[in-house]
Amino acid sequence: MGAPTRRSTAARRPTVAEPQKDQQETGTDVGDAPARGRARTKPRVPRHPRIWFEAVLIAVSYWTYSLIRNAVPEQRRIALANADWVWRTEHALGIAAERSINHAVDGVTWLIVTMNYYYATLHFVLTIVVLVWLYRVHPGRYAATRLVLFATTGVALLGYYFFPLAPPRLMHGGRFIDTVQVHHTWGSMASGNLADMSNQYAAMPSMHMGWSVWCGVTIVMLAKPLWVRLLGGIYPLTTLTVIVCTANHFWLDAVGGLLCLAFGFCCSIVWYGKVAYRLPKLVPAPVT
């Protein structure tokens with residue numbers, strides 16, 4: 001008898017092997033409706049930010065924010081009544097220490113003048129610096145972290161509209177010191193000669209607080225040098241001290257800023273599926 005003919009290995013392979021492989025790699029199947037559903041609900045993957053788009057977006061967004069914020073009716077009477085209510089509430093809570101702090105620090109001229117300039121500049125400068133740093137060093141986390149900031153700022157406009165609030169320095173009978181007026185510095189768009197260019201009764205929530213905590217948390221979570229992380233942690237606390245010493249905000253304004261920031265983080269988590277700082281540092285390479 002002749003030797004049995006050997007069948008080639010290729011002949012024994014199933015003809016559907018390649019389609020099966022493709023299905024395993026993609027995680028989908030023609031009849032697998034749940035898999036398709038999971039694919040559609042997969043968290044969004046950040047794309048590489050484009051510098052021209054980001055520059056235009058930030059400029060237009062800030063211009064729109066300023067326009068809407070300053071176009072909100074000032075409602076002076078309601079704003080002053082709300083300030084009295086906040087002040088009484090803080091007294092009831094035992095935290096109404098702003099006036100004593102304001103008067104004590106105003107007695108140290110070099111310190112309060114420094115705080116006036118801090119209030120006028122660092123709020124904008126450091127926020128832009130952190131955005132640029134994220135763009136260059138953490139492009140995969142940039143869009144999600146930027147969304148936190150934008151959502152925080154957007155929801156703050158609702159506070160300005162529905163709860164106009166006079167800052168402590170404008171309260172009737174509050175006996176707070178407007179440190180910009182007294183020391184002839186330019187520490188606030190709502191003080192001195194610039195008062196007519198800004199809504200003076202948009203104190204709740206405090207975006208000085210919301211933005212500074214956003215900067216601080218971002219630096220602490222993503223920076224590597226310990227000294228940079230320490231500065232990031234100190235920055236929101238310093239900002240809180242400054243907004244109170246200069247009589248621009250109550251403690252509760254800062255709480256409002258933190259609540260807006262929490263809303264911003266929630267929006268980012270819902271959109272990207274996880275907290276911004278846990279996303280990959282770099283943008284994933286496109287699938288070919």
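The values are calculated or read from the model by the stated rules, or taken from the named source; none is laboratory data. This one's a predicted model, so the numbers in the text were calculated from it and none came from an experiment. Cβ atoms come from the backbone with ideal geometry, glycine included; neighbour counts cover every protein chain shown.
When segment 200-246 is filtered for residues that are β-branched (Val, Ile, Thr) and surrounded by fewer than 17 Cβ atoms within 10 Å (Cβ to Cβ), the ones remaining, listed by number, are Val228, Ile234, Thr238, Thr241. Of the numbered criteria (1) within 30 Å of Gly273 (Cβ to Cβ); (2) not in a helix (DSSP H, G or I), the one Leu131 fails is (2). When the criteria are applied in full, Gly256 fails the requirement of being touching a Phe, Trp or Tyr at 6+ places or on another chain (Cβ under 8 Å), under 23 Å from Leu147 (Cβ atoms) and not in a loop (DSSP other than H, G, I, E, B). Scanning segment 88-96 for any residue that is part of a helix (DSSP H, G or I), basic (Lys, Arg), out of contact with any helix residue (DSSP H, G or I) (no Cβ under 7 Å at 6 or more places or on another chain) and crowded, with 19+ Cβ neighbours inside 10 Å turns up nothing. The single condition from (1) touching a residue at least 12 places away in the same chain (Cβ under 8 Å); (2) in a helix (DSSP H, G or I); (3) within 19 Å of the chain's Cα centre (by Cα); (4) crowded, with 17+ Cβ neighbours inside 10 Å that His249 fails is (2). When Leu149, Leu122 are checked against the criterion of being part of a helix (DSSP H, G or I), modelled with pLDDT of 90 or more, out of contact with any Asp or Glu (no Cβ under 8 Å at 6 or more places or on another chain) and surrounded by 20 or more Cβ atoms within 10 Å (Cβ to Cβ), Leu149 stands alone in meeting it.
Kindly check whether there is at least one residue in segment 105-117 that is polar (S, T, N, Q) and within 17 Å of Trp211 (Cα to Cα). No, every residue in segment 105-117 fails to be polar (S, T, N, Q) and within 17 Å of Trp211 (Cα to Cα).
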